[in-house]
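Asker: Sharing a structure with you now.
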Amino acid sequence: MLQSRFPCYLAGEAIQPNEALEVRDKYSGDVAARVALADAAMIERAIAAAAAAEPAMRAFPPYARQAVLEQCVARFRERRDELAFALCIEAGKPIKDAEGEVTRLVDTFRVAAEEAVRIDGDVLNLEISKRADGYRGFVQRVPIGACSFITPFNFPLNLVAHKVAPAIAAGCPFVLKPSEKTPIGALIIGEVLAETELPKGAFSVLPCRIEDASAFVSDERLKLLSFTGGQVGWELKAKAGRKKVVLELGGNAACIVDADQRDRLDHVVDRLVFGSYYQSGQSCIKVQRIYAHRSIYAELRSRFVAATSALKAGDPRERDTVLGPLIDEASAERLAGWIAEAEQAGAKRLCGGGRERNRLEATVLEDVPRDARISRLEAFGPVTLLAPFDEFDDALARVNDSDFGLQAGVFTDSLAHATRAWDRLEVGGVVVNDVPSFRVDNMPYGGVKRSGLGREGVRYAIEDMTERRLMVLRG
């Protein structure tokens, strides 16, 4: 069972000033819990505490940061079932997906614990000319300072982990605003952090209203803003002032299936179905567009549509449910409208499309005009587009015909095609012989174009959260 109320965390302390935020069971629509909601005054206190904690966090030694992260790993493992159930309720995430996200939460903190004691510096040869004779350079990496994190609803544990765990490893205090739609996972992480020996004021976890959140972006005491969410991120960047900004803003990921994949179509289709509909399609790297070589297109289409039609939708608490609800009715209504709009423009619906409240059937479309919103924008739901191609270079061009560039997938046995895709695709990552939805939590992850700036992944986030400080020594 989910507990009925949750506090927020201000400067490391649990406080319950109100129960103003209702968190609903996304499947039933019932109120599942009530959460404390921070106001502007609490946010100000949290930012002030984070700024004041900078010296203590900088002095907090790497082995102590590692110990905090390892303690979190142990506690998350102990609370695995509770965390998965909370995800299932607050996000409507099918229980198997929820359990997988808890595993990734553990992985991310575990990798951060390893990296906490690997933040090394450099020794520089400065004797590049006679005037520098006898000089040596030394570089250390130091914490950037207080950080601000804003996270979305779709991965309430792991996307929080990708900001919080590297910050602890790097020695940075932080304030975190989780999505008001799914705050519980972040608050459980806050509860675990409150059990550790982090310095006073080192963290705050504050669900709040959008109108009270501007300080998370604009306050100059914060040295870095890391935002994961929609295109509003570009507006936040413009308001962020001089602080460093990292943005992960979604995509409309494509996958190419080359002509040489006929003998392994069962495997390819299985992975394409997973990539299209896991998390009910609410993932920045879900498979939205599939381009298959014309020689295998008809067979792939038949198998893909059959497998999609067979997916079980329903209560996310049931272990055989694959497709749960979307986060709210507005999201399902938006996507149903995009499907209807594409059909009116000539697209053909091969299966799905039905909607009941916030539940949308797994949907497959083909012959979708390139300028349709379902093709150009991020669907963020259970809809996938199919199209054939004749030449591999044409498929690459069609993948690149997008304002986004997060990840892409290429199923091919040709090394030449794999390297050509890697060279030419305008994306942050190319996944060969799997779907673009593949992600391991220590790899560099992020996009280009409208998909964002910078890279997540523990080591790469630590790079953003540390600065290089030089000492020059004359011998």
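Asker: For the chain, what is the accessible area per residue in Å², given a 1.4 Å probe and the full set of protein chains?
Answerer: Ligands and nucleic acids excluded, the figure is 40 Å² per residue.
Asker: Continuing with the same structure: Tell me, what is the percent relative contact order of the chain, built from C-alpha pairs under 8 Å that lie six or more residues apart? Don't skip to the answer; put the middle values down first.
Answerer: Numbers: 1104 pairs, mean separation 85.6, N = 475.
This gives 18 percent for the chain.
Asker: What is the P(r) of segment 308-464, as percent of Cα-Cα pairs per 10 Å bin from 0?
Answerer: In order of increasing distance, the bins hold 10, 31, 35, 22, 3 percent.
Asker: Calculate, in whole percent, how much of the Cα-Cα pair population of segment 142-281 lies beyond 19 Å.
Answerer: Numbers: 5601 of 9730 pairs.
Of all Cα-Cα pairs in segment 142-281, 58 percent lie more than 19 Å apart.
Asker: Using DSSP to call loops (not H, G, I, E or B), can you name the GluC sites (Glu not before Pro) in segment 195-283 whose Cβ has at most 15 other Cβ atoms within 10 angstrom?
Answerer: When the GluC sites (Glu not before Pro) of segment 195-283 are filtered for loop state and at most 15 Cβ neighbours within 10 Å, E195, E197, E220 remain.
Asker: Something else now. How many percent of the accessible area of segment 385-475 is carbon or sulfur, using a 1.4 Å probe? If you can, show how the numbers build up before the last one.
Answerer: Working: 2120 of 4210 Å².
Reported share for carbon and sulfur atoms: 50 percent.
Asker: Would you please give the FRET efficiency between R5 and V440, computed as 1/(1 + (r/R0)^6) with r the Cβ-Cβ distance and R0 = 25 Å, to the nearest 0.05? If you can, show how the numbers build up before the last one.
Answerer: Details: r = 36 Å, r/R0 = 1.42.
So, using R0 = 25 Å, E works out to roughly 0.10.
Asker: Scanning the chain for helices, which whole DSSP H stretches are 27 Å or more long along the axis (Cα) and average -1.0 or more by Kyte-Doolittle? Write down the numbers at each step before the final one.
Answerer: On the way: long enough: 95-115 (30 Å, -0.31).
Correct list, ordered by number: 95-115.
Asker: Ignoring ligands, DNA and RNA, please state the percent of accessible area on segment 308-357 from carbon and sulfur, probe 1.4 Å. All intermediate terms of the calculation are to be shown ahead of the outcome.
Answerer: Working: 1130 of 2480 Å².
The computed percentage sits at 45.
Asker: Could you check how much of the accessible area of segment 132-218 is carbon and sulfur, as a whole percent, using a 1.4 Å probe? Show your work: numbers first, answer last.
Answerer: Numbers: 1040 of 2130 Å².
Of all accessible area on segment 132-218, carbon and sulfur atoms account for 49 percent.
Asker: A further question on this structure: If you take the beta carbon distance between D367 and S295 as r and set R0 to 25 Å, what does 1/(1 + (r/R0)^6) give as a FRET efficiency, to the nearest 0.05? Walk me through the numbers on the way to the answer.
Answerer: Values: r = 19 Å, r/R0 = 0.75.
Efficiency computed from Cβ-Cβ geometry: 0.85.
Asker: Note down the relative contact order for segment 338-394 as a percent, whole number, built from C-alpha pairs under 8 angstrom at least six residues apart.
Answerer: Working: 76 pairs, mean separation 18.3, N = 57.
The value is 32 percent.
Asker: On to the next question. Consider a paramagnetic label point 7 Å from the Cα of R221 along Cα→Cβ; state which residues of segment 50-94 have an amide N under 15 Å from it.
Answerer: Answer for segment 50-94: 50-57.
Asker: Could I ask something else about it? Using a basic spin-label model with each label point 7 Å from the Cα along Cα→Cβ, how many nm lie between R264 and E191?
Answerer: Here the answer is 4.4 nm between the modelled labels.
Asker: Calculate the FRET efficiency for S214 and R424 from the Cβ-Cβ distance with a Förster distance of 45 Å, rounded to the nearest 0.05. If you can, show how the numbers build up before the last one.
Answerer: Numbers: r = 40 Å, r/R0 = 0.90.
E between S214 and R424, to the nearest 0.05, is 0.65.
Asker: Still on this structure, please answer the following. With viscosity set to 0.692 mPa s and temperature to 37 °C, compute the Stokes-Einstein D of segment 1-96, Rh being the Kirkwood radius across alpha carbon pairs; µm²/s, no decimals. Present the calculation step by step, with values, prior to reporting the outcome.
Answerer: Values: Rh = 15.9 Å.
D, rounded to a whole number, is 207 µm²/s.
The values are calculated or read from the model by the stated rules, or taken from the named source; none is laboratory data. This is a predicted model, so every value here is computed, not measured. As a convention, Cβ positions derive from the backbone with ideal geometry for all residues, glycine included, and neighbour counts pool all protein chains shown. Areas reflect the complete protein model, heavy atoms only, side chains present, ligands, DNA and RNA absent. Shrake-Rupley method; radii C 1.70, N 1.55, O 1.52, S 1.80 Å.
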